[in-house]
Amino acid sequence: MLMLRGVVPALEAQGITGTGSPNLGGPMVTAGGLVFIGGASDSRLRAFDVRTGQEVWRGELPASGHAAPVSYRGPKSGRQFVVIAAGGGGRFSRTIADAYVAFALP
């Protein structure tokens with residue numbers, strides 16, 4: 001089953017959805033069965049169920065995350081975090097940022 005990921009905000013504003021988006025970063029898979037992808041040019045990090053391919057979560061980024069996300073366990077809290085560099089720029093994104101964005105998993 002082919003699932004298009006990402007959106008083109010300018011097309012979405014015109015009611016054109018389901019187009020997908022160029023991706024410039026790799027995925028990361030957790031032991032719990034989530035696939036995180038943040039390489040789309042729409043400035044979002046997404047989580048998908050590895051078994052169904054369905055999007056189960058999405059988070060906003062200050063710019064495109066043209067990178068592969070990484071995961072770590074907080075030394076004090078013991079919680080798992082997913083982090084991505086959100087720099088944007090390049091041919092697919094005019095927005096540029098200087099940010100690492102971390103999300104805590106439940």
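The values are calculated or read from the model by the stated rules, or taken from the named source; none is laboratory data. Quantities reported herein were computed from a predicted structural model and do not represent experimental measurements. Every residue, glycine among them, receives a Cβ derived from its backbone with ideal geometry; neighbour counts consider all protein chains shown. All accessible areas refer to the heavy atoms of the entire protein, side chains included, with ligands and DNA or RNA removed. Shrake-Rupley method; radii C 1.70, N 1.55, O 1.52, S 1.80 Å.
Amide hydrogen proximity for Thr95: with H placed 1.01 Å from N in the peptide plane, the residues at 5 or more positions away or on another chain lying under 5 Å are Gly89. The label point for Gln14 and the one for Ala68, both projected 7 Å from the Cα toward the Cβ, are 3.5 nm apart.
Tell me the relative contact order for the chain as a rounded percent, counting alpha carbon contacts under 8 Å between residues six or more apart.
On the way: 249 pairs, mean separation 20.3, N = 106.
Normalised by residue count, the contact order of the chain is 19 percent.
Can you give the translational diffusion coefficient of the chain in µm²/s, computed by Stokes-Einstein from the Kirkwood radius over Cα pairs at 10 °C and 1.306 mPa s? Translational D for this selection: 112 µm²/s. Protein heavy-atom surface of the chain, 1.4 angstrom probe: 56% of the accessible area is carbon and sulfur, with nucleic acids and ligands not counted. Average accessible surface for the chain: 61 Å² per residue, computed with a 1.4 Å probe over protein heavy atoms with every protein chain in place. Secondary-structure-derived ellipticity at 222 nm for the chain, considering helices only, amounts to -500 deg cm²/dmol, per-run term -39500 (n - 2.57) for DSSP H runs with n ≥ 4. 3J(HN,Hα) along the range 23-37: 10, 10, x, x, x, 9, 10, 8, 5, x, x, 10, 10, 9, 9 Hz, from the Karplus curve 6.51 cos²θ - 1.76 cosθ + 1.60 with θ = phi - 60°, whole Hz, x for Gly and Pro.
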